[in-house]
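Structure first, commentary second.
The values are calculated or read from the model by the stated rules, or taken from the named source; none is laboratory data. All of these numbers come straight from a predicted model, not from anything done at the bench. With ideal geometry, Cβ positions are generated from the backbone for all residues, glycine too; neighbour counts draw on all protein chains shown. These accessible areas exclude ligands, DNA and RNA; they are computed on the full protein's heavy atoms, side chains included. Shrake-Rupley method; radii C 1.70, N 1.55, O 1.52, S 1.80 Å.
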Amino acid sequence: MPPAHPFDDDKLKEECGIFGCVGVADAANFVALGLHALQHRGQEAGGIVSHDPEQGFNSARRFGYVRDNFTSQSLMKTLPGELAIGHVRYSTAGSKGQTQIRDVQPFFGEFSMGGAAIAHNGNITNADALRRELIERGSIFQSSSDSECIIHLMARSLQRNIPSRMEDALRRVEGAFSVIAMTRTKLIGVRDPLGVRPLVLGKIGDGYALASETCALDIIGATFVREIEPGEMVVITAEKGVESSHPFRPQPSKFCIFEHVYFSRPDSIIGGRSVYETRRQIGVELAREAPVEADLVCPVPDSGTPAAIGFAHESGIPYGMGIVRNQYMGRTFIEPTEQIRNMGVRLKLNVNRALIEGKRVILVDDSVVRGTTSRKIKEMILDAGAAEVHFRIASPPTAWPCFYGVDTPQREKLLAATMSENEMRDHLQVDSLRFISLDGLYRAVGEAEGRNAKCPQYCDACFSGEYPVTPADMIEKGFKMKTAAE
């Protein structure tokens, strides 16, 4: 396995975060706060578009964190109006690493009936085919993002208003999408028919807000109203409030189960259920499925903490903060020279030696992707004098890439794609390694009977290899779908 970059914690990268509000003064300020709460979903760049009747549409797109850009009074003054949308980005399609400013959303288009901006969370699995078709018909793309296809499809629609054009466009799109859009007077929210990515509705004063997660509503003091349903479109105006329609053919919901495991913030609510409580329950299920004699249950911070608390409570083994995270390490803390690279995760995490020494330690983490960071953490624990190291993972083995808005390594780089659980244990050189079962994960998210094998209640393709939407672009590039033998 290749060595891990010292600032790469070997996790699947969150998709994106989207937020919008209408009917509030200085809406862009509320959007900036909402994006700050959604920063965990994308840290590369962010953008805001606002509309003011006198000044029209205004936009600002910047690289880096929301706090470093959209807290400037001089910048926020350039985004007036009572209607605004925003986006925080981690590239899952388009240029990676060296992000171009033209790839930063929201995207804006000027149509015959006025302008519109869109912010998209998810991934379009037929974007390559759509792009080729649109270019052949004369479209000129400004970015490498799959999301720009939506704007061009809207431009070619013959419908007479922008919400109808958006319906037209999204019917051509395959994959996963939660979209927030705006016109001069309307805030629009849409979820794909499978409901893979989240979108929620909130009320603030006389206005409304749409967001990827409920934690973004909390930060602006908005009241959570409900989740936007799979396949639903809402059109919100200050005058008429929320108008709902269901323009897509109904399908069984396939919400991303990894939102429960890792992506969403623990203080968010999904499906009427606390994300924190779900993760704690995952730890309870893990303790039942994979008990082990030990002296200490220790989370790999921060994402492993709720599951570790649940594991400790169910097993009766004491919980302790055996690993402490440095909360203040920036993304560009120091130039990663070879000497620094060899320090690995020690820049982010430090072992509480006094607690660990001589103990049989259970390390609880949310996932294992390539295994590079897991090995380094294990070495740190042993260097601190631990007698034994046991890993318990709060998700099933990640053996398949995600094509619905998550940046996943190529399949051959996923440890579970090439190794059995025992082989992974030997590779990581730990005393034991166990993952929660798929049924155990489903029980933890509230499905008492576990996973329905004939029609899974969630999208769990990264674990099962069963893709609810065929990833057409990736198959064209040579990706092999799961076979009956697997």
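Values as computed for the structure displayed
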read-out	value
Order by protection proxy (mean Cβ within 10 Å, highest first), peptides 377-383, 213-219, 417-423	213-219, 377-383, 417-423
Pairs beyond 21 Å (Cα-Cα), from Lys254/Lys413; Lys376/Lys413; Lys254/Lys454; Lys376/Lys480; Lys413/Lys480; Lys348/Lys413	Lys254/Lys413; Lys376/Lys480; Lys348/Lys413
Probe 1.4 Å, protein heavy atoms only - accessible area per residue of the chain in square angstrom	41 Å²
Size of charge dipole - the range 437-479 - debye, nearest 20, with Cβ of Lys, Arg +1 and Asp, Glu -1, no other charges	60 debye
Gyration tensor (alpha-carbon) shape descriptor, the range 135-230, a/c threshold 1.5	prolate
Nearest-ten-degree value, helix 305-315 long axis tilted from longest Cα axis of the chain	40 degrees
Rounded tilt (10° steps) of 27-37 against the dominant C-alpha axis of the chain	20 degrees
Three-way shape label, the range 189-243, alpha-carbon gyration tensor, a/c 1.5	oblate
Carbon/sulfur fraction of accessible area - the chain, other protein chains in place, 1.4 Å, %	48 percent
Loop GluC sites (Glu not before Pro), the range 430-472, which have at most 14 other Cβ atoms in a 10 Å radius of their Cβ (DSSP)	Glu449, Glu466
Cα-centre dipole for the chain with unit charges at Cβ (Lys and Arg positive, Asp and Glu negative), debye to 20	500 debye
Given [x] 148; [y] 126; [z] 172, the label whose value is volume of the Cα convex hull per residue in Å³ derived from this model	[x]
Using alpha-carbon coordinates, inclination of helix 162-171 to the longest axis of the chain, degrees	50 degrees
Simple spin-label estimate for Asn352 and Gln251 in nanometres, 7 Å along Cα-Cβ	4.6 nm
Sum of -39500 (n - 2.57) over DSSP H runs of 4+, divided by residues of the chain (222 nm, nearest 500)	-7000 deg cm²/dmol
With DNA, RNA and ligands ignored, accessible area of Asp68 (1.4 Å probe; Å², nearest 10)	100 Å²
Rounded to the nearest 20 debye, dipole of the range 118-274 from Cβ charges on Lys, Arg, Asp, Glu	340 debye
Farthest toward positive dipole pole in the chain [+1 Lys/Arg, -1 Asp/Glu at C-beta], among Ile269, Gly440, Gly283	Ile269
